[in-house]
Amino acid sequence: MALGNPSSWPCLINGCVAATTANGSAVLWNTWGHHSHLTSSLLAVAFLTSFGSSMLYGYNLAVVNSPAGYIKDFYNRTVVSRNGTGLNEEALTLMYSLTVSVFAIGGLIGSLMVGTLVTRFGRKGTVVNSSVLVFLAGSLMGFSRICGSPEMVIFGRFITGIHSGISLSVVPMYLGEIAPKNLRGFLGLMPSIFICAGVFSAQVLGLHELLGKEEHWPLFLSLVVVPTFIQLMLLPWFPESPRYLLIEKHNVHATITALKWYRAKCNIQAEIEEMQEEQRSLSSVETVSVWQLLLDHTVRWQVLSVVVINIGMQLSGIDAIWFYTNNIFENAGIPAPEIQYTTVGTGAIEIVAGLIGCFTIERLGRRPLIIGGFGVMGMCCAGITLSLILQTHVPFMKYVSVGCVVGIIAGFCIGPAGVPFLITAELFKQSHRPAAYTVGGSLNWMSNFTIGFIFPFLQMSAGSYCYLVFCSICLSVAIYVYFVIPETKNKTFVEISQMFATKEAVEESQALTHPDQLKLKKMNGYGSLEN
């Protein structure tokens, strides 16, 4: 559906200087120049969605670390009161491992639901409606000790996993769609900063002086409801994604109202035209399923790119580094009581690195951040192996290993932590985006679960050489991005699709000798090339 007669626009777009040309097209003059400015509405939505949804993912990753001993004691005491005998060490470890890893299983299930949810409820609607899961999970974990039920802790962790699986994909999708092209990178990386802030807040609150005491662990686990409550009070007042409203719901009036909320002055004509162009190219294509996405040869390079960067993000060894940070610090001679403060320090480094990425992405672009991030991580993984081998002979090598841990964490947070979710939004147009997020998100969670399961065995068999596996993965992803993924900074979704269409056409037809004489045609909903 088109936008109708442009002469009706001025009455809808209040406060704009508008005129109608001879051919009936509306012209709007924008005193703000070519680039859209960051408005308070955009910033508020980015903050609310990141604070109330994305931050919980980081918080839940780290929250079970400091009260681990207390949770095990609770499990053991409960089993003693029920059966008269306690659990042996293996069974207790298994129950605790299930408590930690069930979060990733929930995340995988949540990520598989994303495509259906965002098509049915919209982007903002999915964020708002999924918040009920957080209140359910928070209640289960908060009252688990009073009810004497370990099952409530495990099931609560599972439900928080489902919520994180949904929000890890939906929040970047929503922000990517409401952001103007020159701010898409900045807003797209905000969720990753809040994920880092979630990890950091769990580390700080887990200190013995705050909520790190035995009597506080149920409260510590259930604090997730506070950010979500704030989000639920405020986010429903903001509009849905304009792209979703126009392209999928065909609601012109709501689209213009939403754009007026999110743009300075009346900076919207060019965007409406760009959305219309995308809508026309998708007129024969409904929202595709995951299976249709995988079979669609016109987007094979985009799909492969999403697969590589999402698997690479988790197999880069960042989870293994988090798991063994304390051991590495212990080997460096840091006294055991002070290690918890050192770990909080690494959390602060995460936030600083995330902020650097967020504020430089629109200047440097996506490629330098992701290639540089994976490159730094690869070199630091090799550095950890070298330092662990040599530290028995060369005393200062133990400090090199600490430096490499900091390097891996900083490298990850500058680019690989957030850019994969942003690029997933940018590489696809409206019809393919939900399915692409389902693929990327589910692979991300599966890789997360796999690395958590395999790493202890890998370390036992390969020792300090296991970090060379992560080194090779990081460098391989950096090389792939360098040669395959184009720079998407400041480009519309249609322009990005056309860049990949060019790549496809050049591969399929080497006989094209005059690229400058090529013109675009519509093919299966995506730009393709002909002579």
Q231: touching a helix residue (DSSP H, G or I) at 6+ places or on another chain (Cβ under 6 Å), open to solvent by 20 Å² or more (accessible area, probe 1.4 Å) and either of a type in the set (S, T, N, Q) or without any contact (Cβ under 8 Å) to a residue 12 or more places away in the chain (or both), yes or no?
no
Check L282, L315, L304, L293 and return the single one that is open to solvent by less than 30 Å² (accessible area, probe 1.4 Å), at pLDDT 85 or above and touching a helix residue (DSSP H, G or I) at 6+ places or on another chain (Cβ under 9 Å).
L293
So, A202, is that one buried (at least 20 other Cβ atoms within 10 Å of the Cβ) and closer than 17 Å to G142 by Cα or not?
yes
Do we find a residue being under 15 Å from the mean Cα position of the chain (by Cα), of a type outside the set (S, T, N, Q) and at negative phi anywhere in region 141-159?
no
List the pairs whose first member sits in region 337-349 and is more than 14 Å from A197 (Cβ to Cβ), whose second member is assigned to a helix (DSSP H, G or I) and open to solvent by 60 Å² or more (accessible area, probe 1.4 Å), and whose Cβ atoms are under 6 Å apart, counting only residues at least 6 apart or on separate chains?
I339/N326
Is it fair to say K249 is open to solvent by 30 Å² or more (accessible area, probe 1.4 Å), of a type in the set (K, R) and within 23 Å of S66 (Cβ to Cβ)?
no
Mind checking which residues of region 103-126 are open to solvent by 10 Å² or more (accessible area, probe 1.4 Å), closer than 17 Å to I178 by Cβ and charged (D, E, K, R)?
K124
Would you mind telling me which numbered condition in (1) closer than 22 Å to F200 by Cα; (2) surrounded by fewer than 18 Cβ atoms within 10 Å (Cβ to Cβ); (3) touching a residue at least 24 places away in the same chain (Cβ under 8 Å) I389 fails?
(1)
Please work out if A22 is part of a loop (DSSP other than H, G, I, E, B) and at pLDDT below 85.
yes
Pick out the one residue from S50, S111, S101, S97 that is more than 21 Å from I451 (Cα to Cα) and hydroxyl-bearing (S, T, Y).
S50
Residues in region 412-419: is at least one surrounded by fewer than 24 Cβ atoms within 10 Å (Cβ to Cβ), assigned to a loop (DSSP other than H, G, I, E, B) and touching a helix residue (DSSP H, G or I) at 6+ places or on another chain (Cβ under 9 Å)?
no
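Scan region 506-525 and tell me whether some residue there is at pLDDT 70 or above and surrounded by 18 or more Cβ atoms within 10 Å (Cβ to Cβ).
The answer is no, given that none of the residues of region 506-525 is at pLDDT 70 or above and surrounded by 18 or more Cβ atoms within 10 Å (Cβ to Cβ).
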Considering each of G58, G69, G84 in turn, give the residue that is at pLDDT 85 or above and not aromatic (F, W, Y).
G58
Note on region 148-167: residues at pLDDT below 90 and open to solvent by less than 20 Å² (accessible area, probe 1.4 Å) are S149, P150
Within region 352-373, is even one residue farther than 24 Å from V308 by Cα, in contact with a Ser or Thr (Cβ under 6 Å, 6 or more places away or on another chain) and open to solvent by 10 Å² or more (accessible area, probe 1.4 Å)?
no
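Between A258, A264, A254, which is open to solvent by less than 60 Å² (accessible area, probe 1.4 Å) and assigned to a loop (DSSP other than H, G, I, E, B)?
A264
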T424 - would you say it is surrounded by 21 or more Cβ atoms within 10 Å (Cβ to Cβ), touching a Phe, Trp or Tyr at 6+ places or on another chain (Cβ under 9 Å), within 30 Å of V290 (Cα to Cα) and of a type in the set (S, T, N, Q)?
yes
Going by the structure shown, is Y437 under 19 Å from the mean Cα position of the chain (by Cα) and in a helix (DSSP H, G or I)?
yes
Residues of region 429-456 being of a type in the set (F, W, Y) and at pLDDT 85 or above, which ones?
Y437, W445
Given (1) of a type in the set (S, T, Y); (2) in a helix (DSSP H, G or I); (3) open to solvent by less than 20 Å² (accessible area, probe 1.4 Å); (4) modelled with pLDDT of 80 or more, identify the lone condition not met by T488.
(2)
Tally of residues being crowded, with 16+ Cβ neighbours inside 10 Å and more than 20 Å from the chain's Cα centre (by Cα) across region 440-467
6
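The values are calculated or read from the model by the stated rules, or taken from the named source; none is laboratory data. Keep in mind that this is a model prediction, so the values were computed, not measured. Neighbour counts are summed over all protein chains in view; Cβ atoms, including those assigned to glycine, are modelled from backbone coordinates with ideal geometry. Areas reflect the complete protein model, heavy atoms only, side chains present, ligands, DNA and RNA absent. Shrake-Rupley method; radii C 1.70, N 1.55, O 1.52, S 1.80 Å.
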